[in-house]
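One structure below.
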Amino acid sequence: MSTVQMPTVRTPSTHMPGTQMKALRKMRPGPGAALDSVPIPDIGANDVLVRVRTASICGTDLHIYEWNPWSASRIRPPMTFGHEFCGTVERIGNEVTGIALGDFVTAEMHVACGRCRQCRVGQSHVCQHLNILGIDQDGCFAEFVRIPAGNIWKIDPAIPEHYGAIFDPLGNAVHAALSGEIAGQTVAVTGCGPIGLMSIAVAKACGASAIFATEVNPQRRAMAVTMGAEEALDPAADDVVGRVRAATGGAGVDVLLEMSGNPQAIQKGLAMLRSGGRASLLGIPSEPVTLDLVGSVITKGVTVHGIFGRRMFQTWVQMTALLKERRLNLDPLFHERMPLDRFAEAFSLLQGGHAGKVILCPNGSPR
Ligand code: NAD
Ligand code: ZN
């Protein structure tokens, strides 16, 4: 009997990469980042190597870049950051099935253990041993990124290519908006960064009857209306709670999507929620928040949902359906595409409060 030795990885013969790649890395604790040349990651039997086409910058990446207290406590340099991307499959581990070389993919960057209690009961988005690529391990601001095959998501060919890099934040928005009833509901969205703006589009596409946004940045308020909000209110100038209550016959909204993490926005958001309503809290406050639990949650019989990451993979199925059927127009959210070496310019745009997604192209600009 002859035995055939299988290769450990499959790789396309046409455009075999060298051994080194360009990566945007946090080299040491402290502000900033640097472009570095590092080895292309080796892949294991159950991994996939993806050639990154586009990567978008998330607020978390900005925190890592600026080195806020959270980053200082969590990130262990040297490390390649970035976790929103799309690209094509370049190499496939020997035990991987259902993924082909050249497939256009993105990935769920929260890697769950698959063994803990939550994972076993279908709640792997809150896995006990979650490992986040781009935060705990090397991410996608590089020419190539290694992804466990189980986390790869093939992008439906009916979805416009430029949406490929934003499944991660869109998934946050979809998870929050669809964690309870939304059709026919009145909705308040507090905080209109990219995720808040996407949640407005999602709520609208899924039949919300009216959406009220609050946001301190005027450019982002204008975007909120473009995405489908009835009204975008300035919490610094308007009586946002009074205005939303008045617009909902005195009751308050059915649903609160809290997308800012700002303590006042959370308090006001809960105040504009009707008794018996649903609050989905996604924004991450930098410090513990004081709340009037009696007046704003308990006696109002409110349901509070903590929203973390994306449901694996229910949220991905929902996003695919919404994007494929062209129910979401997220085009106004896209800003510039830049090569990876213009990262400093890209980060300074975001530091200036730009509302759109800035896209980096580690392998040169696609078509
Ligand atoms: P972002 O910082 O761009 O957006 C937050 C927005 O809230 C900003 O536009 C800001 O101007 C606005 N804001 C600040 N104070 C406000 C106030 N008092 N009232 C109304 N709006 C106010 O961030 P993003 O990328 O859109 O993410 C939104 C939030 O979600 C952030 O807190 C982020 O850390 C968090 N986040 C959570 C998850 C999760 O899984 N739970 C995942 C990603 C991001
Ligand atoms: Zn787990």
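The values are calculated or read from the model by the stated rules, or taken from the named source; none is laboratory data. The model shown is predicted, which means the values in this text are computed figures rather than measured ones. Cβ sites come from the backbone with ideal geometry, for glycine too, and all protein chains shown count toward neighbours. Ligands, DNA and RNA are excluded from the accessible area calculation, which covers all protein heavy atoms including side chains. Shrake-Rupley method; radii C 1.70, N 1.55, O 1.52, S 1.80 Å.
Within the stretch 313-360, the set of residues being more than 28 Å from GLY122 (Cβ to Cβ) and of a type in the set (D, E, K, R) comprises ARG326, ASP331, GLU336, ARG337, ASP341, ARG342, GLU345, LYS357. Remark: pairs (first residue in the stretch 290-314, closer than 30 Å to LEU130 by Cβ and modelled with pLDDT of 95 or more; second residue away from ligand 1 (no atom under 16 Å from the Cβ) and assigned to a helix (DSSP H, G or I); Cβ separation under 6 Å; 6+ apart in sequence or on different chains) are absent. Residue pairs whose Cβ atoms lie under 7 Å apart, separated by 6 or more positions or on different chains, with the first residue in the stretch 19-44 and within 22 Å of VAL89 (Cα to Cα) and open to solvent by less than 80 Å² (accessible area, probe 1.4 Å) and the second part of a loop (DSSP other than H, G, I, E, B) and among the polar types (S, T, N, Q), are ILE40/THR19. Scanning the stretch 140-158 for residues that are within 20 Å of MET319 (Cβ to Cβ), in a loop (DSSP other than H, G, I, E, B) and open to solvent by less than 10 Å² (accessible area, probe 1.4 Å) gives a single hit, CYS140.
When you look at LEU270, is it in contact with a helix residue (DSSP H, G or I) (Cβ under 7 Å, 6 or more places away or on another chain) and part of a helix (DSSP H, G or I), yes or no? So LEU270 passes the test.
Identification of strands (runs of 3 or more DSSP E) wholly contained in the stretch 15-56 with 1 or more residues that are among the polar types (S, T, N, Q) and within 22 Å of CYS86 (Cβ to Cβ) yields 47-56. Annotation: of all residues in the stretch 47-67 being open to solvent by 30 Å² or more (accessible area, probe 1.4 Å), out of contact with any Leu (no Cβ under 9 Å at 6 or more places or on another chain) and within 18 Å of PHE347 (Cβ to Cβ), the one that is nearest to ligand 2 (Cβ to nearest atom) is THR60.
Within the option set GLY283, GLY301, GLY261, GLY249, being at positive phi, within 13 Å of ligand 1 (Cβ to nearest atom) and in a loop (DSSP other than H, G, I, E, B) holds for one residue only, GLY261. For the stretch 237-273, a tally of residues being in contact with a Gly (Cβ under 7 Å, 6 or more places away or on another chain) and surrounded by fewer than 20 Cβ atoms within 10 Å (Cβ to Cβ) returns 2.
Taking GLY122 as the residue in question, decide whether it is among the small types (Gly, Ala, Ser) and either more than 16 Å from ligand 2 (Cβ to nearest atom) or at negative phi (or both). So GLY122 does not fit the description; no. In the stretch 101-117, of all residues being farther than 11 Å from LEU49 by Cα, of a type outside the set (D, E, K, R) and more than 21 Å from the chain's Cα centre (by Cα), the one that is farthest from ligand 1 (Cβ to nearest atom) corresponds to GLY114.
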